[in-house]
Amino acid sequence: MKTRSIVRGLTTLFLAVALAVPAAAGNDMDHGKMKGMKMEHGKGGGEMMGRPIHTSEVDGYTFTYRLIDMKKKMEMMKGMDMKGMDHGKMKSHHLMVFLTGPDGKPVTDAKVGFKVAGAGVTQKTMCMGMKGGFGADVDLPSTGTYTVKAKAVVGEKTLVDTFTYEHR
């Protein structure tokens, strides 16, 4: 039940962002025309889509990671109607990974999960497909080094990527 509330809250959050950004830009919802705000496959997006933290390659597939600071995102969205969001239970960050296949095309049909370890805590979470990538909420409660492990199942192929991230 908690998972559904969190998913519903995140969906509301991303929908609010998707609706607010083009309205503020004054265009016709074509994200591709907004300089620096193209919200597809991990390119551009500025603070709203997080900041790039790592890129790597596994068996010809490219993993591009972005991290969204949820506290900063909430500050950017002050004044918006966020019914259904339980801010007290919100994780500190949202981790996204965008996959590109060996053919250079985005991978949008996969099962992806993260294992994040650091600050004395290990978290495992499954990702949801969103905005051309896969994302999940994670807690990075303090500064320090975190180990991020991503596992992606693309068709019959299992890909595992691991890197360390210095959270400041």
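The values are calculated or read from the model by the stated rules, or taken from the named source; none is laboratory data. Values in this document were obtained by computation on a predicted structure and should not be read as measured data. No Cβ is skipped: glycine too gets one built from the backbone with ideal geometry, and neighbour counts run over all protein chains shown.
No other residue among Thr164, Thr158 is touching a residue at least 12 places away in the same chain (Cβ under 8 Å) and not hydrophobic (A, V, I, L, M, F, W, C) apart from Thr164. What about Leu95, is it in contact with a Ser or Thr (Cβ under 9 Å, 6 or more places away or on another chain), closer than 19 Å to His54 by Cβ and not acidic (Asp, Glu)? So Leu95 passes the test.
Can you confirm whether the range 135-148 contains a residue that is among the small types (Gly, Ala, Ser) and more than 18 Å from Asp69 (Cβ to Cβ)? I'd like the intermediate steps shown before the answer.
Pass one, the range 135-148, residues among the small types (Gly, Ala, Ser): 135-136, 142, 144.
Subset that is more than 18 Å from Asp69 (Cβ to Cβ): none.
Within the range 135-148 (the criterion being among the small types (Gly, Ala, Ser) and more than 18 Å from Asp69 (Cβ to Cβ)), the answer is no, since none of the residues qualifies.
If I filter the range 116-123 for residues that are under 15 Å from Thr64 (Cα atoms) and out of contact with any Asp or Glu (no Cβ under 8 Å at 6 or more places or on another chain), do I get at least one hit? There is no residue in the range 116-123 that is under 15 Å from Thr64 (Cα atoms) and out of contact with any Asp or Glu (no Cβ under 8 Å at 6 or more places or on another chain). Within the range 89-100, residues that are farther than 17 Å from Thr143 by Cβ reach partners that are at pLDDT 95 or above and part of a loop (DSSP other than H, G, I, E, B) with beta carbons closer than 7 Å, at six or more positions or on different chains, in the pairs Leu99/Ala110.
Every residue in the range 110-131 that is at pLDDT below 95, under 17 Å from the mean Cα position of the chain (by Cα) and either surrounded by fewer than 17 Cβ atoms within 10 Å (Cβ to Cβ) or under 15 Å from Thr145 (Cα atoms) (or both), please.
Here is the first cut: in the range 110-131, the ones at pLDDT below 95 are 119-121, 130-131.
Now narrow it down to the ones that are under 17 Å from the mean Cα position of the chain (by Cα): 130-131.
The one that is at pLDDT below 95, under 17 Å from the mean Cα position of the chain (by Cα) and either surrounded by fewer than 17 Cβ atoms within 10 Å (Cβ to Cβ) or under 15 Å from Thr145 (Cα atoms) (or both): Met130.
Do we have Ser92 as modelled with pLDDT under 95 and of a type in the set (S, T, N, Q) here? Show your work before the answer.
Numbers: modelled with pLDDT under 95: yes; of a type in the set (S, T, N, Q): yes.
Yes: the conditions hold for Ser92.
Would you mention how many residues in the range 140-168 are surrounded by fewer than 16 Cβ atoms within 10 Å (Cβ to Cβ) and not hydroxyl-bearing (Ser, Thr, Tyr)? Give the steps one after another, and end with the answer.
Residues of the range 140-168 that are surrounded by fewer than 16 Cβ atoms within 10 Å (Cβ to Cβ), as a first pass: 141-145, 147, 149, 153, 155-158, 160, 162-164, 166, 168.
Going one step further and asking which of them are not hydroxyl-bearing (Ser, Thr, Tyr), we end up with 141, 144, 149, 153, 155-157, 160, 163, 166, 168.
Of the residues in the range 140-168, 11 are surrounded by fewer than 16 Cβ atoms within 10 Å (Cβ to Cβ) and not hydroxyl-bearing (Ser, Thr, Tyr).
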